[in-house]
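Worksheet: one structure, shown below.
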Amino acid sequence: MKLRVLFTFPLLIAATLAAQQVPFERILNASKEPQNWLTYGGTFLNQRYSLLNQVTSDNVKNLELQWVLQVRSMDGTTKFEATPLVVDGVMYTVKPPSPAYEVVALDAVTGRIYWTYSYAPAESRTCCGRNNKGLAILGDRLYLATIDTHLISLDAKTGREIFNLKVESPNTGLASDYSFTVTPLVVKDKVILGPSGGEYGIRGYVAAFDAKTGNEKWRFHVIPEPGEPGHETWGGDKSWENGGGSIWTPGSYDPELNLVYWGTGNAGPDWNGDPRPGDNLYTCSVIALDADSGKLKWHYQFSPHDEFDYDSTQVPVLADIEWQGRPRKVMMWANRNGIFYVLDRATGQFLLGKPFVKVNWTSGFDAKGKPIRAVQTSASGIRVYPGNQGGTNWYNPAFNPRTGLFYIPAWEETSSVFAKRQQEYKPGVNYAGGGFTADVGLTATNTYTRTEDEGYYGSIKAIDPKSGDAKWVYKLSQVTDSGVLTTASNLVFAGGREGYFFALDARDGKLLWKSMLGGQVANGPITYSVNGRQYVSVAAGNGLFTFALRQ
């Protein structure tokens, strides 16, 4: 189903939206226009760092709510995860598919809706809710990837559908085990994305599509087939055919190296590695691909032969920093397995790995940077730190070049008891190979009922990437699914399951301001400016909330 609605003041709207042109050069140089938010992480570096400085540590206490975009009610696992885009005073975002997607163009100052596009997806299978991370833009087009594996292109001026392509076909009944929850990454003339579905025995991939036509240009399979490098890590049988390796969040891009970087999901079955002996490349890894051809240039595997559901589907954060006395192009990564990493992003060389939460699954690293496994799963179960949801998850961290600190939304002191069992792969059936019991779960159930004696908690943690040491920790009363935003005026914005949205001093973690929004924060905040006034926007519960300083 498709529905477009144009609202009042059509001539004014047409004049405003006609100016929305975002050629690739603008995205490539997004840091030169901090008044806009042109891609998921703000720039291709995915630092979630803004040069805007009107809101400071001195005046952030004067932030006031300006407008709210409401969405229809959602089920217990579906969350408002999308990161909005802002282009020259116009905001674009997508409401979660409950039951239909709604892409909206809004006045970024008032919240007035210019147009709405609606798409009702077909039946689909998802492990963790009918979620969507957001839109991409290139030229005068928007791009949406849907849970029924459609890639949709819209006219950014009107919401008119330009193309709607089905990428994967149903493999059982009306549904596919593949789904798209990712924000596409636009590089040059290509739209790049990959599927979720690791819990259903998919064979994950990263694929590039022509931005004008939607035609597929290249595809890199996360699980190598016979004859390809890495296939030997799957034990020589057919386990690779259903090996998982899903894609949840968008990658990063280095234009000098012409490499795109993507994090990959867990191997399947999740909690029993017996059917897949070996390291199971390239699951739980970062892969560096040539942006033009999709050819693998290097990889690093964070969790070889994973049996704890430690998807490496976090956002790669790129920076040029001084490393041991000389400049270095690095990648920083807060992994679900509880370890903070620094890699050389030109070669994949391991530079540093250090736990940022309690970890017992590994005892350290060998000389080449491969983790040494310290615990083994069994049918009777074993307690592992961090728990199934990890030390962090898909929600974005941030890096502030001014403070030199890396900010992680962390789950502290969590564990799970993992138990494996034998399971045969069947299309359309969850392919877990066992189960787990956890201290705290995926959904926001019982958000307000955690007691101090339960032990676990959430935090925003500032890490020095040169040492891996924590410089400060802001403790939350619940775990958090919020992303983090940091600014040149030494602020850190984040939220949590309690429903608070807050600002911290980026230098020492001091609480400067907070506002109760009435629902869990489960997206990454952004900041932008229109006519010289800075705004901060975040989704919580069933709404998108936008703040600015009191006038």
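Tabulated values for the structure
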read-out: Criterion violated by Phe365 - all others in (1) buried (at least 17 other Cβ atoms within 10 Å of the Cβ); (2) over 27 Å from Phe44 (Cβ atoms) satisfied; value: (1)
read-out: Any chance Arg402 is of a type in the set (Lys, Arg) and closer than 30 Å to Gly134 by Cβ; value: yes
read-out: Out of Lys188, Lys133, Lys166, sole residue that is over 25 Å from Val315 (Cβ atoms) and basic (Lys, Arg); value: Lys166
read-out: Selection within the range 394-433 - surrounded by fewer than 20 Cβ atoms within 10 Å (Cβ to Cβ), closer than 24 Å to Arg125 by Cα and not aliphatic (A, V, I, L, M); value: Arg421, Gln422, Gln423, Glu424, Tyr425, Lys426, Pro427, Gly428, Asn430
read-out: The range 486-513 residues that are free of Cβ contacts under 8 Å to residues at least 12 places away in the same chain, paired with ones that are open to solvent by less than 10 Å² (accessible area, probe 1.4 Å) and hydrophobic (A, V, I, L, M, F, W, C) (beta carbon under 7 Å, 6 or more apart); value: Lys510/Leu504
read-out: Close pairs from the range 230-257: first farther than 30 Å from Lys329 by Cα, partner assigned to a helix (DSSP H, G or I) and open to solvent by 10 Å² or more (accessible area, probe 1.4 Å), Cβ under 6 Å, at least 6 apart; value: Trp234/Trp240
read-out: Scan of the range 268-279 for residues that are open to solvent by less than 10 Å² (accessible area, probe 1.4 Å) and in contact (Cβ under 8 Å) with a residue 60 or more places away in the chain, ordered by number; value: Gly268, Pro269, Asp270, Asn272, Gly273
read-out: Single unsatisfied condition, Ser169 versus (1) free of Cβ contacts under 8 Å to residues at least 12 places away in the same chain; (2) closer than 18 Å to Val206 by Cβ; value: (2)
read-out: Filter pass, Glu307 being acidic (Asp, Glu) and part of a strand (DSSP E or B); value: no
read-out: Qualifying strands (runs of 3 or more DSSP E) (wholly inside the range 134-211; at least 1 residues being modelled with pLDDT of 95 or more and surrounded by 24 or more Cβ atoms within 10 Å (Cβ to Cβ)); value: 136-138, 141-145, 150-155, 185-187, 190-193, 205-210
read-out: Residue check, Ala539 crowded, with 19+ Cβ neighbours inside 10 Å, in contact with a strand residue (DSSP E or B) (Cβ under 6 Å, 6 or more places away or on another chain), of a type in the set (Gly, Ala, Ser) and over 20 Å from Phe340 (Cα atoms); value: no
read-out: Qualifying residues in the range 107-133 (those that are among the hydrophobic types (A, V, I, L, M, F, W, C) and in a strand (DSSP E or B)) - the one surrounded by the most Cβ atoms within 10 Å (Cβ to Cβ); value: Trp115
read-out: Residue within the range 37-57 that is modelled with pLDDT of 95 or more, part of a strand (DSSP E or B) and surrounded by fewer than 16 Cβ atoms within 10 Å (Cβ to Cβ) present; value: no
read-out: Candidate set from the range 93-106 (those that are modelled with pLDDT of 85 or more and either within 18 Å of the chain's Cα centre (by Cα) or not in a strand (DSSP E or B) (or both)); member that is surrounded by the fewest Cβ atoms within 10 Å (Cβ to Cβ); value: Ala100
read-out: Members of the range 337-362 that are open to solvent by 30 Å² or more (accessible area, probe 1.4 Å) and in contact with a strand residue (DSSP E or B) (Cβ under 7 Å, 6 or more places away or on another chain); value: Ala346, Thr347, Gln349, Phe350, Leu351, Lys354, Pro355, Val359, Asn360
read-out: Test: residue in the range 365-378 that is under 18 Å from the mean Cα position of the chain (by Cα) and at pLDDT below 95; value: no
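Conditions (1) open to solvent by 10 Å² or more (accessible area, probe 1.4 Å); (2) out of contact with any helix residue (DSSP H, G or I) (no Cβ under 8 Å at 6 or more places or on another chain), marked per residue:
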| site | (1), (2) |
| --- | --- |
| Leu281 | yes, no |
| Ala291 | no, yes |
| Ala319 | no, yes |
| Arg328 | yes, yes |
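The values are calculated or read from the model by the stated rules, or taken from the named source; none is laboratory data. Since the model is a prediction, treat every value here as computed from it, not as a measurement. Heads up, the Cβs are rebuilt from the backbone with ideal geometry, glycines too, and the neighbour counts pull from every protein chain shown. We work out accessible area using only protein heavy atoms, side chains counted, and drop any ligands, DNA or RNA first. Shrake-Rupley method; radii C 1.70, N 1.55, O 1.52, S 1.80 Å.
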